[in-house]
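Just below is one structure, and these are the notes that go with it.
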Amino acid sequence: MSAGFQLGVIGSLALSVASSVAIVICNKALISTLGFPFATTLTSWHLMVTFCTLHVAQRLHFFEPKAIDGQTVILFGLLNGTSIGLLNLSLGFNSIGFYQMTKLAIIPFTVLLETIFLKKRFSESIKLSLLVLLLGVGIASVTDLKLNLLGSILSGLAIATTCVGQILTNTIQKRLKVSSTQLLYQSAPYQAAILFATGPFVDQLLTNRSVFAHKYSAPVLGFIVLSCLIAVSVNFSTFLVIGTTSPVTYQVLGHLKTCLVLSFGYTLLHDPFTLRNILGILVAIFGMALYSYFSVRESKKKSTNDALPVSQMPDKEAEPLLATKDSSDTKKANGLSHDC
């Protein structure tokens, strides 16, 4: 793993954390303080502004668009848009505690899907660190766990669509050799379209208020514009992180954002907190540190193995066969690199 690639990964992670925390603060002011509760409709505006921004960037030759199979892009965009709507519905029809459990369930379900369908292997160390992380976030954020049938169904659908969407984000970028910018540019219109069409109905179902009847004062419009501008960075960094790392790493990063937002609320906004919240955040941060350590260690180990010359391989009897097996061995090695 080159130093430039490592810096790129660190930069994408930092951008994702900073932009996500910023948009949470902005949206909290918009929803709680200014009384604009239409989250799904707001997300459709985020995606439309993101697409328009990328279109301008493309016209100015900041990146070159790359054609992707139309059916793939449409299905991918609709799937991601649906997952956002389902997550919002899950929050509306469940208690906060059950919604947090839904978000926590995304990591193990992603691991399960990647293990079954992509044959990806997760070491025991990685699994242990993820368990510690989930335990900490659960302690810090999960309170009441009131269950209902409709809410449970919505949560299950939200988990499934979110996991599949994030796995596809990573898979499409690697298999089709497209950048995060190119994929986001192609799929954003379809994500925006499904949320733009369904958002007002979802929001009215959750809030009993119409987004069209809302009074748009100057402060509300100002925060909506600010939220949309920050969302460009959020959407871009999301695709960038998943493309350069993995869906599981992105979910780990998401829980780091949760801890940062909770900490921000406790320290600066004087939100109520208990010793349990503090203990949970500390345990979660410890789990993230373990995950980062084991991930970096395994990446270095893989890089070392990939760089090992053939002459240093332990099987000396294989040496006379190099001339006839070189081509097939190279193909196998390339195939394995996609699974790791």
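A probe of 1.4 angstrom, applied to the heavy atoms of all protein chains, finds residue 262 with accessible area near 40 square angstrom. When you filter the trypsin sites (Lys or Arg not before Pro) in the range 205-295 for DSSP loop state and at most 15 other Cβ atoms inside 10 Å of their Cβ, you are left with 209, 215. Approximating the spin labels as points 7 Å out from Cα along Cα→Cβ, the residue 74-to-residue 61 distance works out to 3.3 nm.
Our coupling estimate for the range 293-301, obtained by passing each phi through the Karplus curve with A = 6.51, B = -1.76, C = 1.60 and θ = phi - 60°, is 4, 5, 5, 5, 4, 5, 5, 5, 5 Hz, Gly and Pro reported as x. Converting phi to 3J(HN,Hα) with the Karplus coefficients 6.51, -1.76 and 1.60 and the offset θ = phi - 60°, the range 49-60 yields 5, 4, 5, 4, 5, 5, 5, 4, 4, 5, 5, 8 Hz in sequence order, with x at every glycine or proline.
Distance from the C-alpha centroid of the range 86-133 to that of the range 23-64: 26 Å, rounded to the whole angstrom. Taken about its Cα centre, the range 97-189 carries a charge dipole of about 380 debye when Lys and Arg each add +1 at the Cβ and Asp and Glu each add -1 at the Cβ. Pairs 127/177; 127/300; 127/302: which are spaced more than 20 Å apart, C-alpha to C-alpha? Checking Cα-Cα distances, 127/177 exceed 20 Å. In this structure, the residue pairs whose Cα-Cα separation is over 29 Å, taken from 119/301; 28/120; 28/146; 215/257; 28/215; 119/146, are 28/120; 215/257; 119/146. Loop-resident trypsin sites (Lys or Arg not before Pro) (DSSP state other than H, G, I, E or B) in the range 85-124 with no more than 13 further Cβ atoms inside 10 Å of their Cβ: 119, 121. Residue-wise HN-Hα couplings along the range 181-197, as the Karplus relation 6.51 cos²θ - 1.76 cosθ + 1.60 with θ = phi - 60° gives them from phi, are 5, 5, 5, 5, 4, 6, 9, 4, x, 6, 5, 5, 4, 5, 6, 5, 6 Hz; Gly and Pro carry x. Atom-type composition of the exposed protein surface of the range 1-128 places 71 percent of the accessible area on carbon and sulfur (1.4 angstrom probe).
Among the trypsin sites (Lys or Arg not before Pro) in the range 1-75, those located in a DSSP loop and surrounded by at most 15 other Cβ atoms within 10 Å of their own Cβ are 66.
The values are calculated or read from the model by the stated rules, or taken from the named source; none is laboratory data. The structure presented is a predicted model; accordingly, all values stated were derived computationally and were not measured. Don't worry about glycine lacking a Cβ; one is built from the backbone with ideal geometry, like all the others, and counts go over all protein chains shown. Only protein heavy atoms, including side chains, enter the accessible area calculation; ligands, DNA and RNA are left aside. Shrake-Rupley method; radii C 1.70, N 1.55, O 1.52, S 1.80 Å.
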